[in-house]
Amino acid sequence: MPKSKTIWFGSLASIAAVAITIAPTAAQQPRNPNIVVMLADNLGYGELGVYGGGILRGAPTPRIDALASEGTRLLNFNVEAQCTPSRSALLTGRFAIRSGTYEVPVGGIPDGLTQWEITTAELLSGRGYATGMWGKWHLGSAEDRMPTNQGFDEWYGIPRTYDEAMWPSLDETKSMWPSVGNRQGWNATVVHPEHIYEARKGDKPRQVAVLDVDHRRTMDAEITSRAVEFIKRNANSGKPFYAYVPFAHVHMPTLPNLEFAGRTGNGDWADCLAELDYRTGQILDAIKQAGIENDTLVIFASDNGPEATNPWEGDNGPWRGTYFTAMEGSLRAPFIIRWPGKVPAGRISNEIVHIVDLFTTLARVGGAEVPTDRPIDGVDQLDFFLGKQETSNREGFPAYVADRLSAVKWRNWKVHLIWQETMYATPQKLPLPRIINLLTDRKEERDVAAQNSWVADPAVRIIGELEASFKRYPPIKLGTPDPYTPPEPGLMRTRP
């Protein structure tokens, strides 16, 4: 509700004042802020300069580092263990285990979010926002589950994942990679290639190119140019906008645009890091040039811990492990938020925030109501981000790897139930929980359960609350087709 404006009229015959309350005109209505979310792909904790990487990884990251100095940087921002679960959690505010999106999908079954789920784009669209997305979706490859059927006005990108760019090159004989052979290698008649799509809400998504290695190199340039045009267009119109920019870097195959190839002299990975920093700067420049910096909340984050596959391994900073695990190297990711004059500049915090919290927080920023007909795991962190309180509104969370409850984080403690150090290691169910003090043991090497068994109590409470909610709201099974109807009466979807 807009605030009323009180005008005082003085009487010539009396010094008494009469308060008259009037509603503002449409032109005086407070404008909702713009929201820009830039999401790097598998960017580990140790890559950016401001997180201890940068030149140590072969490329300075001045634009992202400067963004951190202009806003708040989190040291304990947590994500899901894989790309699809993190993106699902970001856009729905629900742990991916609830939505049937708890692991990267494989072929042959319906993949992605059911249409029953409500996304941030839908919430904000219902509040008059223009919504756009450019980049990897990974939440449904069927046309009726693509972004423009989940709240986005426009989209350019891929429905699945970038490693599929390597399929057309499997029989390439001019590279250093061994050819698979055209009699046994990938063939488009056996498995269709992944396409790059362009779509507008209400129209059929259009295939514009096959995703191959050459197009993988140019994706971030294409993503950025479209995001910049969207920002300028909507800034000129005066309409608030939500821009979701999931970059391609540094997902494998980690290949720079040819404009950046060789620029650092430190190899492809460093060149990609330099390009990611540059593309981020292009979007920040577009915001500044449009004169909307003070009216725009900007987030830069990563969806996962670092790559684990040779030769594209990433850096997990001081932590241990890779994505596809419940190690800190998987769960902790870079996070920076800037909103000039509102979010404190230069602030650094080690308070726990989870990626699901962005759904609830951005809903409040945009004046939207979160759904009440389903469990929402995200908590509102706006007052924490604005510096009105020093502590996060979250103390912990359950950490799933696919459908396996692998650990629980609570404050600066970690309780491991399943042990897995890297993506390619075999998960091992522990006979007794392993308790780690993350303040004194960042590499998660020492089990201190014997002297700190009390930590199991808050961890069990987190598990118990989750399991109780599962009984009331059963999780959606992986591969559930549309239309999906919740098993409990009264939970039919109402789109904003």
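The values are calculated or read from the model by the stated rules, or taken from the named source; none is laboratory data. All values derive from a computational prediction rather than experimental measurement. Heads up, the Cβs are rebuilt from the backbone with ideal geometry, glycines too, and the neighbour counts pull from every protein chain shown. Heads up: the accessible areas ignore ligands, DNA and RNA and are worked out on the full protein's heavy atoms, side chains in. Shrake-Rupley method; radii C 1.70, N 1.55, O 1.52, S 1.80 Å.
Residue-wise test of (1) open to solvent by less than 10 Å² (accessible area, probe 1.4 Å); (2) closer than 20 Å to Ile476 by Cα.
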| residue | (1), (2) |
| --- | --- |
| Tyr102 | no, yes |
| Val106 | no, yes |
| Trp116 | no, yes |
| Ala130 | yes, no |
| Lys136 | yes, no |
| Ala142 | no, yes |
| Gln150 | yes, yes |
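Every residue, every condition in (1) part of a strand (DSSP E or B); (2) of a type in the set (D, E, K, R); (3) at pLDDT 95 or above, yes or no:
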site	(1), (2), (3)
Asn76	yes, no, yes
Pro105	no, no, no
Gly132	yes, no, yes
Trp137	no, no, yes
Tyr156	yes, no, yes
Met176	no, no, no
Ser179	no, no, no
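Does Asn42 satisfy the criteria of being in contact (Cβ under 8 Å) with a residue 24 or more places away in the chain and open to solvent by less than 20 Å² (accessible area, probe 1.4 Å)?
yes
Just the residues that are open to solvent by less than 10 Å² (accessible area, probe 1.4 Å), farther than 25 Å from Leu417 by Cβ and not aromatic (Phe, Trp, Tyr), please, taken from the range 303-337.
Glu307, Pro334, Ile336, Ile337 - these are the residues of the range 303-337 that are open to solvent by less than 10 Å² (accessible area, probe 1.4 Å), farther than 25 Å from Leu417 by Cβ and not aromatic (Phe, Trp, Tyr).
On the given criteria, is Arg183 buried (at least 21 other Cβ atoms within 10 Å of the Cβ) and either modelled with pLDDT under 95 or not in a loop (DSSP other than H, G, I, E, B) (or both)?
For Arg183, the condition - buried (at least 21 other Cβ atoms within 10 Å of the Cβ) and either modelled with pLDDT under 95 or not in a loop (DSSP other than H, G, I, E, B) (or both) - is not met.
Does Pro340 satisfy the criteria of being part of a loop (DSSP other than H, G, I, E, B), open to solvent by 10 Å² or more (accessible area, probe 1.4 Å) and over 16 Å from Val379 (Cβ atoms)?
Criteria met by Pro340.
Yes/no matrix, rows are residues, columns are (1) touching a residue at least 60 places away in the same chain (Cβ under 8 Å); (2) closer than 18 Å to Ile231 by Cβ; (3) part of a strand (DSSP E or B):
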{"position": "Thr254", "(1), (2), (3)": "no, no, no"}
{"position": "Asp271", "(1), (2), (3)": "yes, no, no"}
{"position": "Arg279", "(1), (2), (3)": "no, yes, no"}
{"position": "Asp285", "(1), (2), (3)": "no, yes, no"}
{"position": "Leu297", "(1), (2), (3)": "yes, yes, yes"}
{"position": "Ala301", "(1), (2), (3)": "yes, no, yes"}
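Find the residue count for the range 138-192, including only residues that are under 18 Å from Leu211 (Cα atoms) and of a type in the set (D, E, K, R).
6
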